[in-house]
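The values are calculated or read from the model by the stated rules, or taken from the named source; none is laboratory data. Fair warning: this is a prediction, and the values are worked out from it, not measured in the lab. Counting neighbours? That spans all protein chains shown, and the Cβs are built from the backbone with ideal geometry, glycine included. Note: areas computed on protein heavy atoms with side chains; ligands, DNA, RNA excluded. Shrake-Rupley method; radii C 1.70, N 1.55, O 1.52, S 1.80 Å.
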Amino acid sequence: MNNASRTDLSSQIRVSIQINFLFILLITAFLGTWLAKFYGYYFSPPLYEGQLLVEWVRAGLNPEPTERFVYITLSILIPILTLTSILLHGKYFKIVNFECNRESTTSAIVILFLFASFIWSDFIPIVLGANDRSNKSILVLFCVGVALLLCHRLSNKTKFSSHFTEKKSNYIVVISLVSCHLLQLFSWRLLSINSVDEAGDWSGAWTFHADALIYSLSQVINGKTVLFDFPSQYGYWCELAGPIFMLIGFSIFHLTLFFAILQSLSLGLIYYVLFNNVKTPLMRLCGGMSLITLTFGTSLYFSGINDPYFQYWPLRFFWPAVSVYMFYVFSLNKSRFNSSLMTLIGAIGALWNMDSGVFIVIGFGAYLFLGFIISSLSTYNSEPSHLLWKTRDYLTALGLHIIILVIVTSIFSTYLWLKSTGSINSFWLFSYQSIFYKMGLSMIALPHNLHPWMSILGLYLLGFISSLYIWIYTPNPSPKNDLILYLSFLGFGLYFYYQGRSHVFNLISVCWPSIIIATIFCDQYLRSIRVSGISKRLFYMPVPMVTIGLVCCISFFAHTELMVTSIFQKISLFNVPNAPYVQDEISFIKSHSTLGRDCLILSKRQGIYYAESRKSSPMKGPGLVEMLLESDRVILVNQILDGGFDCVFYGVGEHTRFDIKIDESMLHLKYEIKDVNKESTMLYLVKNK
């Protein structure tokens, strides 16, 4: 086949992909509207008893049964409809000659849909970290103009000049990304106990977000067992990471250092995959800076919210990021061993944090199942299969996928059973998923106007369609094609986090797979244009991704002074606590802790105090921050008033008291005040004889 023929076929496939994308998009919009009306007509909204929850969280109850039904149903139907559409398109609509203007038209429509919504939303202002959004349009237009010039220049060059070679530019990109990553780490993600505070910007960051995950870790490193002694809102990562802290000892610095290592490792693996699939230095820079700016809560920090949000960064991010690297390795060398490693990573990720890890399992399982279907159709139609793996290979890998999941889950369950010398509490397995996602605690409905969430889902759909088209209709599908397909599956799954609580910060958190997909697509366009595989009239296709990359670069470098200042402040104030009462309360607890006796800590920062004092809680059940059911609160209050604890550290005052609605007069009848800390924020109570 000559070059012209290959170019025509490529044009045919691209236009077919775009037409199918727009068709499926219309079908999705129609089905989504119809399913919402269908659910509302035939199903009564479930009644959730707010009284089941503790009083202080009831106001946040906002169930979304219709939205959840529509999204889950479409997640099942759309892949089936897409595969059917692609197969029928290839069978009944034979190749016709598409002129360049036809491709320009469909490409412009696709780009307009995917990226126009970013202009009018709060996505870009949040990324920029600007409180005043009045000038954001001017800045975006400036970035669009620069992106147009860069893409036009690159599309007309066959190679870089000798004075600025591609190799040198890649070195500059790598050095820039590493420098930005280190600056991000040391400015606000490596912390110590002196950073723990309750007032100002830090309010809630330690008291609620960090303390919830630290409580589970504090119990494990002091001998307790998850699902037997306590439930864990953020998965069973505490059991997997606990031995590390038993070895090195716990401190806030050790914890944040451990998280920083996970952050560096996960981003490093993502960059490895990105750089092996993206060759244009400009796209490497745009994709890399976008990932740095949009991950690990950087946009929160730039917006003045000093919350490291450890429960997502790196807790929910690490294993999905590792899975992207492992899948890329698998795509380069499809073997049963690599397939099994991929499944093992999914199994560990699901145990580590079910909310994100389960989508590694589902995404890879869906990939294997789809490979089985496509290879079966190829065999059934007696067509020469060009797939590297055949039907039996996919079926074997799918069987191993299920077997390994069962084995890993069984081993972990047996480990918990042996460690706890009892059976696990099955109610705790999915209790938090039920409270948050099913009952709707802290949920926020999806915006119904044109919004970037539609564009991000649309990009996953485009990735899915293009991967299937290339997989079925081209003679040599590349590993890059498989990677885009897996990223699309993974992105669809991680998107559930935003679908439940549809805040723009959560959208930023879950969009990282779409950044990788968009960067790969745009790099392909630029390189194809430069070798005359695509008309130069399509040079504008990478402009939106380059624009977002430039916005992220501007945002990051605009806040460089903030980060550098933060580093020097941390060095100069290393031994100065933000809140003196925190250190005083820890010292107070340690001074009254005796060997063999565990006291109940009834205060804010409960998990941090247990971890720092090397003590476990004498109560069985969730920690205070994770105590969402009224029944758990009643059990704890009754146990306290019945004198069920030998000693209690009771927080008082605005910054330390955790109000569980207990009758303090009854409390003082059962317990005697033995001591008060220097800051007068905590009481040491001992049970009356």
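List every residue pair whose Cβ atoms lie under 6 Å apart, where the two residues are 6 or more positions apart in sequence or sit on different chains, the first residue falls within segment 517-528 and is under 16 Å from I465 (Cα atoms), and the second residue, located anywhere, is polar (S, T, N, Q).
Here the result reads I520/N277, each pair linking segment 517-528 to a residue that is polar (S, T, N, Q).
When only residues in segment 535-559 that are closer than 22 Å to G297 by Cα and of a type in the set (F, W, Y) count, which is most open to solvent (accessible area, probe 1.4 Å)?
Let us first name the residues in segment 535-559 that are closer than 22 Å to G297 by Cα, namely 545-559.
Pick out the ones that are also of a type in the set (F, W, Y) and you get 556-557.
On the way: F556: 1, F557: 117 Å².
The extreme case among them is F557.
Does segment 204-240 hold any residues that are part of a helix (DSSP H, G or I) and either charged (D, E, K, R) or over 18 Å from I193 (Cβ atoms) (or both), and which are they?
Just the residues of segment 204-240 that are part of a helix (DSSP H, G or I), to begin with: 205-220, 237-240.
Those that are part of a helix (DSSP H, G or I) and either charged (D, E, K, R) or over 18 Å from I193 (Cβ atoms) (or both): D211, S216, Q219, V220, W237, C238, E239, L240.
Inspect segment 236-246 for any residue being open to solvent by 10 Å² or more (accessible area, probe 1.4 Å) and of a type in the set (D, E, K, R) and give the result as yes or no. Lay out the reasoning, then the answer.
At the first step, the residues of segment 236-246 found to be open to solvent by 10 Å² or more (accessible area, probe 1.4 Å) are 236, 240, 243-244, 246.
From what is left, the residues that are of a type in the set (D, E, K, R) are none.
Checked segment 236-246: no residue is open to solvent by 10 Å² or more (accessible area, probe 1.4 Å) and of a type in the set (D, E, K, R).
Which condition from (1) under 15 Å from the mean Cα position of the chain (by Cα); (2) surrounded by 21 or more Cβ atoms within 10 Å (Cβ to Cβ); (3) not hydrophobic (A, V, I, L, M, F, W, C) is the one that R284 breaks?
Single failed check for R284: (1).
Within the group F489, F505, which residue is within 22 Å of Y437 (Cβ to Cβ) and modelled with pLDDT under 95?
On the way: F489 fails: modelled with pLDDT under 95.
The conditions single out F505.
Which residue pairs have Cβ atoms closer than 8 Å, lie 6 or more positions apart in sequence or on different chains, and pair a first residue in segment 614-639 that is more than 24 Å from G204 (Cβ to Cβ) with a second residue that is open to solvent by 10 Å² or more (accessible area, probe 1.4 Å) and in a helix (DSSP H, G or I)?
S631/L52
Looking at L150, L154 in this structure, which one is under 25 Å from Y272 (Cα atoms) and modelled with pLDDT of 90 or more? Spell out how you get there, then give the answer.
On the way: L154 fails: modelled with pLDDT of 90 or more.
Just one listed residue meets the conditions, L150.
In segment 511-555, how many are of a type in the set (V, I, T), farther than 21 Å from C180 by Cα and modelled with pLDDT of 90 or more?
The total comes to 3.
Can you spot a residue in segment 178-193 that is more than 27 Å from N575 (Cβ to Cβ), hydroxyl-bearing (S, T, Y) and in contact with a strand residue (DSSP E or B) (Cβ under 7 Å, 6 or more places away or on another chain)?
No, segment 178-193 contains no residue that is more than 27 Å from N575 (Cβ to Cβ), hydroxyl-bearing (S, T, Y) and in contact with a strand residue (DSSP E or B) (Cβ under 7 Å, 6 or more places away or on another chain).
For every residue, the table says whether it meets (1) in contact with a strand residue (DSSP E or B) (Cβ under 8 Å, 6 or more places away or on another chain); (2) within 24 Å of F250 (Cβ to Cβ).
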{"position": "A611", "(1), (2)": "no, yes"}
{"position": "P618", "(1), (2)": "yes, yes"}
{"position": "L629", "(1), (2)": "yes, no"}
{"position": "D632", "(1), (2)": "no, no"}
{"position": "Q639", "(1), (2)": "no, no"}
{"position": "V652", "(1), (2)": "yes, no"}
{"position": "V686", "(1), (2)": "yes, no"}
{"position": "K689", "(1), (2)": "no, no"}
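Quick one: would you say V140 is β-branched (V, I, T) and either within 30 Å of E612 (Cα to Cα) or modelled with pLDDT of 90 or more (or both)? Spell out how you get there, then give the answer.
Values: β-branched (V, I, T): yes; either within 30 Å of E612 (Cα to Cα) or modelled with pLDDT of 90 or more (or both): no.
Criteria not met by V140.
Helices (runs of 4 or more DSSP H) wholly in segment 560-673 with at least 3 residues that are open to solvent by less than 10 Å² (accessible area, probe 1.4 Å) - which ones? Write out each step before concluding.
Working: elements: 560-572, 580-591, 606-613, 630-641, 664-670.
Ranges flagged: 580-591, 606-613.
This table checks each residue for (1) at negative phi; (2) assigned to a helix (DSSP H, G or I); (3) of a type outside the set (S, T, Y); (4) surrounded by fewer than 22 Cβ atoms within 10 Å (Cβ to Cβ).
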site: L265; (1), (2), (3), (4): yes, yes, yes, yes
site: L269; (1), (2), (3), (4): yes, yes, yes, yes
site: Y272; (1), (2), (3), (4): yes, yes, no, yes
site: F275; (1), (2), (3), (4): yes, yes, yes, yes
site: G288; (1), (2), (3), (4): yes, yes, yes, no
site: F296; (1), (2), (3), (4): no, no, yes, no
site: I305; (1), (2), (3), (4): yes, no, yes, yes
site: P308; (1), (2), (3), (4): yes, no, yes, no
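Could you list, in sequence order, all residues of segment 570-598 that are touching a Ser or Thr at 6+ places or on another chain (Cβ under 7 Å) and of a type outside the set (A, V, I, L, M)?
So the first thing to find is which residues in segment 570-598 are touching a Ser or Thr at 6+ places or on another chain (Cβ under 7 Å), and the list is 578, 581, 585-586, 589-590, 593, 598.
Hits for segment 570-598 are N578, Y581, E585, K590, S593, D598.
Give V358, V324, V329 a once-over and let me know the one that is open to solvent by 20 Å² or more (accessible area, probe 1.4 Å), within 16 Å of the chain's Cα centre (by Cα) and of a type in the set (V, I, T). Steps first, answer last, please.
On the way: V324 fails: open to solvent by 20 Å² or more (accessible area, probe 1.4 Å); V329 fails: within 16 Å of the chain's Cα centre (by Cα).
Just a single option satisfies the conditions, and that option is V358.
Of all residues in segment 332-351, how many are open to solvent by 10 Å² or more (accessible area, probe 1.4 Å), part of a helix (DSSP H, G or I), of a type in the set (G, A, S) and under 17 Å from Y394 (Cα atoms)? Break it down stepwise before answering.
First pass over segment 332-351, keeping only residues open to solvent by 10 Å² or more (accessible area, probe 1.4 Å): 332-338, 340-341, 344-345, 348, 350-351.
Subsequent filtering for residues that are part of a helix (DSSP H, G or I) retains 332, 336-338, 340-341, 344-345, 348, 350-351.
If we keep only those that are of a type in the set (G, A, S) too, we end up with 340, 350.
Imposing the further condition that a residue be under 17 Å from Y394 (Cα atoms) reduces the set to 340.
Of the residues in that region, 1 qualify.
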